[in-house]
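Student: Right, I'll just put the structure down here and ask away after.
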Amino acid sequence: MAASWPRGLRALLGMAGLGPAPEEVRRRVAGRPVVITGASRGVGARLAVRLAAVGARVLLLARDVEALAAVAQRCGPQAHTYPVDLRDADATRAVGQAMVTEHGTPAVLVHNAGHSICRTVAASTERFHDVQRLTGVNFTGPVALTLPLLSAMRTDGAGHLVWVGSAGVGLPGAGFSTYLATKAAFEAWLRCLGPEAAADGIRISTVQLPLVRTAMSAPTRAYDRLPAMTADEAAALLCRAIVHQPRLISPWWARTGALLTAAAPGTAERVAALVDQVGARRTGAAHPAPNIRETG
């Protein structure tokens, strides 16, 4: 099982999630509003609890009202909930404006919510609605939320955007075409925003997470044999991004793979096809089993 992989080996793979000391995080966020999407479970919930413990005023967004309230209870009185479906751009933008009105300019906006579907393109020809759903959660929703908060940050001349991306962006991933495309879309949007944001005193950090052992990954049983981070380790890595504000945190193998893919895309696709075939033989399936994975 992946959970039994030694921490040292996972550290070599960039999957140990080493975070800063709590006091370092406290100096960055204590008494300040921090927005976290996808906060009702998994990585988002663990991050909310960590930040609330060092004095952050956490503003929690997710669709599941009851689960969101449970996380807020764990965080204490400094937690405030904003139930919203990121696929509803108008409602999402209104929530962003309300948070600024009620709590002032956020110190940090953590885009953690994500929606993933593992399904081949051949099996998706009658399912364009899946493309629309993933686009809403992974791209247009985050943009709709960012714009009003970004406006407030620009006025104050400070702020930090943290995007929880995927280590698979830049790599050919069979079955994850729409997921990786929508994650890459917001990453590209942030990359273009970068020069403007820097001129306004706003920092941007992208954290390309590898596989994380949460309810989001559970439906894909083939992942059980792979190394993975825990939700706590992923939350610790996000704390590192909040404290040190790097432009990019990504496993070395993801960066190397992206470079090789850009240099030799045909070779990368052939390797990906071979890996897919090996996985299919081991699972007895012709293609990755369709599943829906979502957080927030």
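Student: Which of the residues spanning segment 113-129 are open to solvent by less than 10 Å² (accessible area, probe 1.4 Å) and either part of a loop (DSSP other than H, G, I, E, B) or more than 28 Å from R46 (Cβ to Cβ) (or both)?
Tutor: Across segment 113-129, the qualifying residue is only A113.
Student: Before we move on, is T105 of a type outside the set (D, E), in a loop (DSSP other than H, G, I, E, B), in contact (Cβ under 8 Å) with a residue 12 or more places away in the chain and in contact with a helix residue (DSSP H, G or I) (Cβ under 6 Å, 6 or more places away or on another chain)? First the steps, then the outcome.
Tutor: On the way: of a type outside the set (D, E): yes; in a loop (DSSP other than H, G, I, E, B): yes; in contact (Cβ under 8 Å) with a residue 12 or more places away in the chain: yes; in contact with a helix residue (DSSP H, G or I) (Cβ under 6 Å, 6 or more places away or on another chain): yes.
It is true that T105 is of a type outside the set (D, E), in a loop (DSSP other than H, G, I, E, B), in contact (Cβ under 8 Å) with a residue 12 or more places away in the chain and in contact with a helix residue (DSSP H, G or I) (Cβ under 6 Å, 6 or more places away or on another chain).
Student: Sticking with this one: Only one of (1) farther than 23 Å from F139 by Cβ; (2) open to solvent by less than 40 Å² (accessible area, probe 1.4 Å); (3) free of Cβ contacts under 8 Å to residues at least 24 places away in the same chain is not met by V84, so which one is it?
Tutor: Looking at each condition in turn, V84 falls short on (1).
Student: Next up: Scan (1) in contact with a Pro (Cβ under 7 Å, 6 or more places away or on another chain); (2) of a type in the set (A, V, I, L, M, F, W, C); (3) touching a residue at least 60 places away in the same chain (Cβ under 8 Å); (4) in a helix (DSSP H, G or I) for the single condition M15 breaks and write down its number.
Tutor: That leaves (4) as the condition not met.
Student: Kindly indicate the residue of segment 134-161 that is within 21 Å of the chain's Cα centre (by Cα) and of a type in the set (S, T, N, Q) and also modelled with the lowest pLDDT among those meeting that condition.
Tutor: It comes out as T135.
Student: Name the strands (runs of 3 or more DSSP E) wholly within segment 21-100 that hold at least 2 residues that are within 16 Å of V162 (Cβ to Cβ)?
Tutor: On the way: elements: 33-37, 57-62, 79-83.
Hits in segment 21-100: 33-37, 57-62.
Student: Kindly list, by first and then second residue, each pair from a residue in segment 143-159 that is assigned to a helix (DSSP H, G or I) to a residue that is of a type in the set (K, R) and open to solvent by 30 Å² or more (accessible area, probe 1.4 Å), limited to pairs with Cβ atoms under 9 Å and residues at least 6 apart or on different chains.
Tutor: What qualifies is A144/R93; L145/R93; L147/R93; P148/R93.
Student: Might you check whether a residue that is of a type outside the set (D, E, K, R) and under 24 Å from T230 (Cα atoms) occurs anywhere in segment 117-131?
Tutor: Residues of segment 117-131 that are of a type outside the set (D, E, K, R), as a first pass: 117-118, 120-125, 128-129, 131.
Keeping just the survivors that are under 24 Å from T230 (Cα atoms) gives 117-118.
Within segment 117-131, one or more residues are of a type outside the set (D, E, K, R) and under 24 Å from T230 (Cα atoms).
Student: Give me the pairs: first residue in segment 25-53 and at positive phi, second residue in a helix (DSSP H, G or I) and surrounded by fewer than 24 Cβ atoms within 10 Å (Cβ to Cβ), beta-carbon distance under 7 Å, and six or more apart or on different chains, which are they?
Tutor: Pairs found: G42/A231.
Student: Working only within segment 174-185, note down all residues that are in a loop (DSSP other than H, G, I, E, B) and open to solvent by less than 30 Å² (accessible area, probe 1.4 Å). Can you show your working first?
Tutor: Initially, segment 174-185 is screened for residues in a loop (DSSP other than H, G, I, E, B), giving 174-176.
Result: G175, F176.
The values are calculated or read from the model by the stated rules, or taken from the named source; none is laboratory data. Being a predicted model, the structure only gives us computed values, none of them experimental. Cβ coordinates were reconstructed from backbone atoms using ideal geometry, including for glycine residues, and neighbour counts include every protein chain displayed. Remember, those area values only see protein heavy atoms, side chains included, never the ligands or the DNA or RNA. Shrake-Rupley method; radii C 1.70, N 1.55, O 1.52, S 1.80 Å.
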